[in-house]
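The values are calculated or read from the model by the stated rules, or taken from the named source; none is laboratory data. In this text, all values refer to a predicted model and were calculated from it rather than measured experimentally. Note: ideal-geometry Cβ built from the backbone for every residue, glycine included; neighbour counts use all protein chains shown.
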Amino acid sequence: MAGKDKARQRLILIIRYLKEYGENGEKINIKHLQNYLAEQSSNRQIIYNDLRVLEQLGADIKHTKNGHYIYMTQGFTNGELMLLADVICSSSFLSAKKAEELILHIKQMTNMKRFDDLAKDIDVVLRNKTMNESCIKNIEHIHDAIKDKKQVEFSYAKYDSKGKLWYAAKAGDQYEKVFVETNKHVPLGDEKPHIHLVSPYKMVWDNSQCYLICGKKNYNKRIKIMNFRADRIYNLSSTNKYIDKLNSSNEFYDPKNKGLDIEKYMSSIFEMYGSKNGDLTTVKFIVSNSLKGAMIDKFGKEIRIREYDNEHSLFSAQIQISKLFFGWLAKFSYNDLRVIEPKELVDTYKNYLRSILDDYDVT
C-alpha cells in the first residue's frame, strides 16, 4: 500500500507542477520536474510512466513522436488572464477587497512565471473603488431574478448636498438614512427614501460600471425603461411578483426576442442618462464624412446614412433628449455634427448654449 500511496502522491505533485510551471504547448522540462518531485521520484523512467498514465486519463498532456511530453492546457491563456485582470482593475463597481480577491483567484489559474506579472495589479485595484461590499452578490441575485422572471426591490444610494452618499433602510415603520462611508444611521425625515420595485431585464457594462436595465410602471401603467448602477444598490431582495413584460407598444420592444431591445436603448442614451419620461425623439443630423464611423459606433449599423454634399452626410437616430445629450453634441463643431430636425429641438439646444454663455458673461 505504501508504494501505491507514493504513486498517487507523485501524480498529484506532477499535476501541481504543470499548473505552476507548465507553459501551454511547450515541452515539459523533465529534469526540472524531477528536482521538483525530490524524494517522490527515483528516476526519469518513473516520471515518463506517470506522464503516460496521466495522458491516458485525459490530462492536458500530449506525447510527441520524438519522445517529448507537451503540456497542452485547455484553460485560460496568459493573455486572457491578463485581460481579465485588467477588466477587474478598471471596474469602478467592485470594492477594493473584492477586486483583490478576484485578482488572487486569477493568479491561482496561471503558472509561477506569470505570477509576478499580475502582482502589480493589486496596487491598481485600490484606486477609485466602491464601498459597497454587496455589489457582486447583488449582480448574482439580479441574474437569478431575471432567470426566474421575478421583480426585485432595493434602496438606491444618492449623494446629499454635502457630497455624502447615503441610502434608506427600514427601521420599524420608518426609514433611516444610512451613510455609506461611516455607516452612520439618522432619521430620514421628509426626504424621499428612493425605494424601487422594478422588473429586471438585463445587466450591462458601460464605462467601467455595471448597470441594471429594468422596467418600472409609471402612473399611467406605461413601462419606463430605466438603469441603475449596481454599486449604488443596497438591501436588494427578490419578490413574488412576476416581471412586467414589454409589448409592442413600448418603443424599446424587440419583436425578435419578444423583450427588451438593449442595443436600441443603449444607443438612445448618453452617459447612461435618459429623458425625463423615457420617450424617444427622432433626430435628424448632418455629419461630416470623417465622423460617419463614430456615428455608426454610437447609434448602430442600422442607421441609414445618405449623402448630403461632398463633405457631409445625413442620418437620423432615435434619442432620449437630456442635458447629457446636449453636452455630447457640444463636443462637436457645427460643421462636424449638427441637428437640423425637429426644429423645436434645435431651438431648445440653441437656448441651452445661450444660457451657458450668458451665465459666463455675468461672472
When residues of the stretch 330-363 are limited to those that are surrounded by fewer than 11 Cβ atoms within 10 Å (Cβ to Cβ) and among the small types (G, A, S), the one nearest to the chain's Cα centre (by Cα): S333
Quick check on S161: is it polar (S, T, N, Q) and free of Cβ contacts under 8 Å to residues at least 40 places away in the same chain? yes
Check the stretch 153-176 and report whether any residue there is in contact with a Ser or Thr (Cβ under 8 Å, 6 or more places away or on another chain), under 22 Å from Y253 (Cβ atoms), assigned to a strand (DSSP E or B) and in the same structural domain as K258 (by TED's automatic domain parsing). no
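Here is a yes/no grid of residues against (1) of a type in the set (F, W, Y); (2) more than 19 Å from K150 (Cα to Cα):
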{"residue": "I213", "(1), (2)": "no, no"}
{"residue": "I233", "(1), (2)": "no, no"}
{"residue": "Y242", "(1), (2)": "yes, no"}
{"residue": "N247", "(1), (2)": "no, no"}
{"residue": "G259", "(1), (2)": "no, no"}
{"residue": "K292", "(1), (2)": "no, yes"}
{"residue": "M295", "(1), (2)": "no, yes"}
{"residue": "I303", "(1), (2)": "no, yes"}
Failed item, numbered, when W205 is tested on (1) farther than 27 Å from V87 by Cα; (2) modelled with pLDDT under 90; (3) of a type in the set (F, W, Y): (1)
I'd like the residue in the stretch 175-194 that is acidic (D, E) and touching a Lys or Arg at 6+ places or on another chain (Cβ under 9 Å) and, out of all such residues, is surrounded by the most Cβ atoms within 10 Å (Cβ to Cβ). E176
Counting just the residues of the stretch 296-329 that are charged (D, E, K, R) and either touching a helix residue (DSSP H, G or I) at 6+ places or on another chain (Cβ under 8 Å) or over 25 Å from N227 (Cβ atoms) (or both), which one comes out surrounded by the most Cβ atoms within 10 Å (Cβ to Cβ)? K298
